[in-house]
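The structure appears below as structure tokens.
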Amino acid sequence: MELLVALAIGILTATGVYLLLRLRTFPVVLGLSLLTYAVNVFIFASGRLMSGAQPVLGAAEAITDPLPQALVLTAIVISFGMTSLVVILALGSFLNAGTDRIDIQKPGEMPDAGR
Amino acid sequence: MSLALIAALPFLGALLPGLMIRSGRNACAMVTLSITGLALAGLLLNAPAVMAGETLTEHYAWLPALGLNVNFMLDGLGFLFALMILGIGLLIIIYARFYLSKDDPMGNFYTYLLLFQGAMVGIVLSDNILLLLVFWELTSLSSFLLIGYWKHLPEGRQGARMALAVTGMGGLAMIGGMLILGQIAGSYDISVILTQGEAIRAHDLYVPALVLILLGAFTKSAQFPFHFWLPHAMAAPTPVSAYLHSATMVKAGLFLMARLWPVLSGTPEWFWLVAGAGLITMVLGAVIALFKDDLKALLAFSTVSHLGLITMLLGMGTEYAAKAAVFHIINHATFKAALFMIAGIVDHEAGTRNIRLLGGLRKLMPVTFTIGTIGALSMAGIPFFNGFLSKEMMLEAAWDTSTLFAVVATLGAVFSVAYSFRFVVHTFMGPVRNDYPMKPHDPGFGMWAAPAFLAVLVVLIGLFPQQMVGPFVEVVAGAVTGGHPHVHLALWHGLTPALYMSAIAVAGGLVFLALQRSLAPLWDNAPRPEAKAIFDAIVEAAARAANRITDSLHDGKISRYLAVFTVVVVAYGAWAFTGGTHSAGTRELLPITLVELIFFVLLVVACIGLILVHRKRFVSLIVISIVGLVVSMSFVQFSAADLALTQLTVEVVTVILLLLALNYMPKETPIESGGLARLRDGVIALAAGGGVAALAYAILTRDMSLPSISEYHVANSYIGGGGNNVVNVILVDFRGFDTMGEIIVLGIAALVIYALVEVILNGAASRRLMNWVPDMPQAYDRHPLMMVVATRVALPIALTVGVYIFLRGHNLPGGGFIAGLVVAIALLTQYMASGFAWTQARQRFDYHEIIASGIMIAVMTGVASLVLGWNFLSSTGTYITIWPLEEIHLTSAVAFDLGVFLTVVGAVLLALASLSRIGRRAGQGVNLTAMDVDPSAETLNTEGER
């Protein structure tokens, strides 16, 4: 099971990084979201995996590590804040500049070369 | 008074002038005066002890591990300088009150002045060279503010920048020198370093340390070849020039050389560097001063020259020269401050300080003339004025050193006499002219009181040197040399070589004064390096080089930065991995069940699908929400119900947000990178993913190497936090402080989004939005009947669920975060189903207020614990039962959780409502009733399904 979780984190990271390296804002935002999943699951998994337990006293036989869960819970909410901020930035820059590229064009470079 | 308090008073008082200016200029000046006066009185209380030869010390630990302590000491040397800084400061404050015009912001002036004063007092009272460095840099900064006080003058700004650059670079060098010095001595305390002189001078690093420290001292004290910044700093208001360049800023370098004199002096390196630079500076400054037509420039170069004189005396390394240096520091401060103020008065009353436009002021401004003459005669070294006595001592010291020094020092004295006489003769003597820019007359008493007081001192010290300052010079010289020198100051020493040299100087000076008018054109046309042009060229070259480096590293290609960053992190991880030895993990692994396998396959398919379809943005949104759902379900599978609930609800609001934003953005991503670039990105991505997967696997297959602090939280959750849901207790109790920070961040993020939308709605983006044409088919019924009804019915249910999740959170999965998200979604569905305007009209509270009240409630809960004498955010609680509900555990942490709840609701709704405002600007009609029909959609949507 641990292998599958580790692979899942790796796949989320790889997909996230690939999208992060795209040249337009929207895929980059999606890439950031995927990286957020990866990081959250990674931190959560650092408490080691347990099935059929709960981080609640007296609710189940075993108690899982509550600390990474508390950390990840706030991380999820904060990452919502971050994602929405980045989305507004992306939208604002698109509306202002008329393009949603993330790279700044140097003077002399054709703005839409290679399209 | 405590030494720390004397140094701190000006800093503490620096806020007051800025506030008191509202009560008028007099109140502002009075409060500044009383602060400095208080510090001066505190200093004078220590005078008896200092005069008895004691050294007062005070110690406070700051960062003892680094050797940085707030240690103060007060001996004769520190006392002399503190007295000058505070005493002349007092006079400058009075003078500035009458000098500054109504248009000058006086509050700012006095605030800067007090900051500078505090920094200077800090330097001279420090008993720790690291602390001294802190104050040293503070003087550079605060003098920058003072020199550039007249912000509207380009010369003022340039002069301030130049002073900051030169003294700042010197300060940087000095930090290096001081650190070496501290390392050699084994302590950064000056009192310890002073005992280590022998060892330091014998050390291999003595010369580097000496050079670096002298760089700091020479730049500050405007010694050759760094003398060029001082005249440019004359663009400052005259009170600033009088303060900085007579008694304080430029004397800081001298102070440092005097302070470290017992440690660093006595070697050939010290002699040639310090005495040599001093000698050159003395002559050079005097020659240039003779040919300056601006009164303040003349005084500026004269200051350079006199600083050179004192530096030379310190460089000679003999006890007699040190005594002369101390005496001249006192004398120079008195006559030079007076002369600067006189130059300011002439400028103020005659409208110019250009000597060529002046002359004959003797009859028009008799008081100014008298004071100015006394100062100038002292500066020239004429008997019965204090400058004569110390100049005699200087000439004698030069005579004792070598013939070269005697000849060159006499030459310097010749020019010194010439420019001093010129100051008087060309300004005040001669016939009265009728072309002054303004009608010159003596100023009011307030303005000439301060220079008059100093002129009285000049005469008294000149006539009765031993009675006035003899014992004081003895104490100070003792502090400089570390010995017990005997000082006897007298007017008449007999027919000594120095007297003949003085006579030559006066005679030669008169000759040069007579020749000045005819020599001036020659001097003006002589080729010489223009310091400001060189300085500007260097600064410009440095700026160009910095820009070139920045441009090549920081070229605006964010995708390249991200790629470089990822590759570096992966390579660093790989390097760390290959550098150690490894064995496989031994932790017992969980079996793979069918459900988990299905999740995994779903995730893999979704991720690969996302890569394939990411150009179609709507489809990619659907796919990424599959990933979110799988992650939520995995949290359920691995015993994290709280996380699953949070992830699920966040997923909903995130997707709504992305959909709203995407509406106004291109719906497809064009193909821009070629196959090779995509392959490269793929390799980078796979390397990163592989690395993270390996790391995760390594962690998951091992037990924790150190005992986890989680045990503590589990054990104390019920006893200490009063709850069974340990995750929630950690959030609202154990780590409540963190949570408070997090909800504040969330609130700020929402406010930033609001502000960004405000910006977007103005300017280019707004025009683009108003011309926006929908590029997707629009629905005919924007608010479908069934959806409106369903959401209205669902609202109370959803809110109840929210309350339930909130209340049970302390003992079962739930809590403020999740409840907040649930309620936010319930309200969002109203916006989606019934329209923005309809819902907004029924929205009773502003989202900003909801966020603010949430954060306030959370903070107040913590403060309440403090008031009750517990730790911040400690909780207490009790179980209550309200029929017919089940037992409710009511703790004070619930109040905190309520704050979290409100902040989350407010932040989520503010973010989405801000996006809706963009939609309204884009011309989406506002519905006043729910269930409306959009008539325009019909024409737009001719090719739609309907």
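The values are calculated or read from the model by the stated rules, or taken from the named source; none is laboratory data. Model, not experiment: these values are computed from the prediction. Because the Cβ atoms are built from the backbone with ideal geometry, glycine has one as well, and the counts that use them run over all protein chains shown.
Numbers below:
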{"read-out": "All helices (runs of 4 or more DSSP H) inside the range B:11-60 with 3 or more residues being surrounded by 16 or more Cβ atoms within 10 Å (Cβ to Cβ) and touching a Phe, Trp or Tyr at 6+ places or on another chain (Cβ under 9 Å)", "value": "B:15-20, B:25-45"}
{"read-out": "Positions within the range B:609-622 being at the interface with chain A (Cβ under 7 Å from one of its Cβ atoms) and part of a loop (DSSP other than H, G, I, E, B), in sequence order", "value": "B:His614"}
{"read-out": "Selection from the range B:710-739 of residues that are closer than 17 Å to A:Gln69 by Cα, more than 7 Å from chain A (Cβ to nearest Cβ) and among the aliphatic types (A, V, I, L, M)", "value": "B:Ala715, B:Val729, B:Val732"}
{"read-out": "Residues of the range B:578-608 that turn out to be surrounded by fewer than 20 Cβ atoms within 10 Å (Cβ to Cβ), part of a helix (DSSP H, G or I) and in contact (Cβ under 8 Å) with a residue 40 or more places away in the chain, as a count", "value": "1"}
{"read-out": "Filter result (over 30 Å from B:Ala640 (Cα atoms) and within 13 Å of chain A (Cβ to nearest Cβ)) within the range B:761-815", "value": "B:Leu761, B:Asn762, B:Gly763, B:Ala764, B:Ala765, B:Ser766, B:Arg767, B:Arg768, B:Leu769, B:Met770, B:Asn771, B:Trp772"}
{"read-out": "Test result for B:Ile656, surrounded by 13 or more Cβ atoms within 10 Å (Cβ to Cβ), β-branched (Val, Ile, Thr) and within 44 Å of the chain's Cα centre (by Cα)", "value": "yes"}
{"read-out": "Close pairs (6 angstrom Cβ cut-off, 6 or more residues apart or separate chains): charged (D, E, K, R) in the range B:376-400, not in a helix (DSSP H, G or I) anywhere", "value": "B:Lys391/B:Gly381"}
{"read-out": "Selection from the range A:13-33 of residues that are in a helix (DSSP H, G or I) and touching a residue at least 24 places away in the same chain (Cβ under 8 Å)", "value": "A:Thr13, A:Thr25, A:Phe26, A:Val28, A:Val29, A:Leu32, A:Ser33"}
{"read-out": "Qualifying residue in the range B:408-429 (condition: farther than 23 Å from B:Ile382 by Cα, surrounded by fewer than 22 Cβ atoms within 10 Å (Cβ to Cβ) and modelled with pLDDT under 90)", "value": "no"}
{"read-out": "Flag for B:Glu155 being among the charged types (D, E, K, R), touching a His at 6+ places or on another chain (Cβ under 8 Å) and in a helix (DSSP H, G or I)", "value": "yes"}
{"read-out": "Some residue of the range B:939-946 being within 14 Å of chain A (Cβ to nearest Cβ), surrounded by fewer than 19 Cβ atoms within 10 Å (Cβ to Cβ) and either more than 30 Å from B:Ser766 (Cβ to Cβ) or at pLDDT 85 or above (or both)", "value": "no"}
{"read-out": "Residue, farthest from A:Ser33 (Cα to Cα), within the range B:680-704, restricted to residues that are more than 7 Å from chain A (Cβ to nearest Cβ) and among the small types (Gly, Ala, Ser)", "value": "B:Ala698"}
{"read-out": "Criterion violated by B:Ile611 - all others in (1) among the aliphatic types (A, V, I, L, M); (2) surrounded by 19 or more Cβ atoms within 10 Å (Cβ to Cβ); (3) under 25 Å from B:Leu679 (Cα atoms) satisfied", "value": "(2)"}
{"read-out": "Residues (farther than 16 Å from A:Leu85 by Cα, buried (at least 17 other Cβ atoms within 10 Å of the Cβ) and either without any contact (Cβ under 8 Å) to a residue 12 or more places away in the chain or under 33 Å from the mean Cα position of the chain (by Cα) (or both)) located in the range B:759-771", "value": "B:Ala765, B:Arg768"}
{"read-out": "Residue within the range B:467-487 that is under 41 Å from the mean Cα position of the chain (by Cα), under 26 Å from B:Met282 (Cβ atoms), of a type in the set (D, E, K, R) and part of a helix (DSSP H, G or I) present", "value": "yes"}
{"read-out": "Test: residue in the range A:58-74 that is under 24 Å from B:Ala911 (Cα atoms), more than 7 Å from chain B (Cβ to nearest Cβ) and not basic (Lys, Arg)", "value": "yes"}
{"read-out": "Residues within the range B:741-758 that are more than 7 Å from every other protein chain (Cβ to nearest Cβ) and without any contact (Cβ under 8 Å) to a residue 12 or more places away in the chain, tallied", "value": "4"}
{"read-out": "The range B:854-874 - residue that is among the hydroxyl-bearing types (Ser, Thr, Tyr) and touching a helix residue (DSSP H, G or I) at 6+ places or on another chain (Cβ under 6 Å) and, of those, farthest from B:Ile730 (Cα to Cα)", "value": "B:Thr861"}
{"read-out": "Neighbours by Cβ (under 8 Å, 6+ apart or cross-chain): first from the range B:656-679, farther than 23 Å from A:Ser84 by Cβ and at the interface with another protein chain (Cβ under 8 Å from one of its Cβ atoms); second assigned to a helix (DSSP H, G or I) and at pLDDT 90 or above", "value": "B:Ser673/B:Asp681"}
{"read-out": "Selection count where residues are within 7 Å of another protein chain (Cβ to nearest Cβ) and out of contact with any Phe, Trp or Tyr (no Cβ under 8 Å at 6 or more places or on another chain), scope the range A:46-57", "value": "7"}
{"read-out": "Failed condition for A:Gly16, given (1) buried (at least 20 other Cβ atoms within 10 Å of the Cβ); (2) within 30 Å of B:Ile671 (Cα to Cα); (3) facing chain B (nearest Cβ under 7 Å)", "value": "(3)"}
{"read-out": "Some residue of the range B:306-324 being within 34 Å of the chain's Cα centre (by Cα), farther than 22 Å from B:Ala397 by Cα and in a helix (DSSP H, G or I)", "value": "no"}
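Yes or no, residue by residue, for (1) part of a helix (DSSP H, G or I); (2) crowded, with 18+ Cβ neighbours inside 10 Å; (3) within 18 Å of the chain's Cα centre (by Cα):
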| site | (1), (2), (3) |
| --- | --- |
| B:Phe144 | yes, yes, yes |
| B:Trp150 | no, no, no |
| B:Ala165 | yes, yes, yes |
| B:Gly171 | yes, yes, yes |
| B:Ile180 | yes, yes, no |
| B:Ile184 | yes, yes, no |
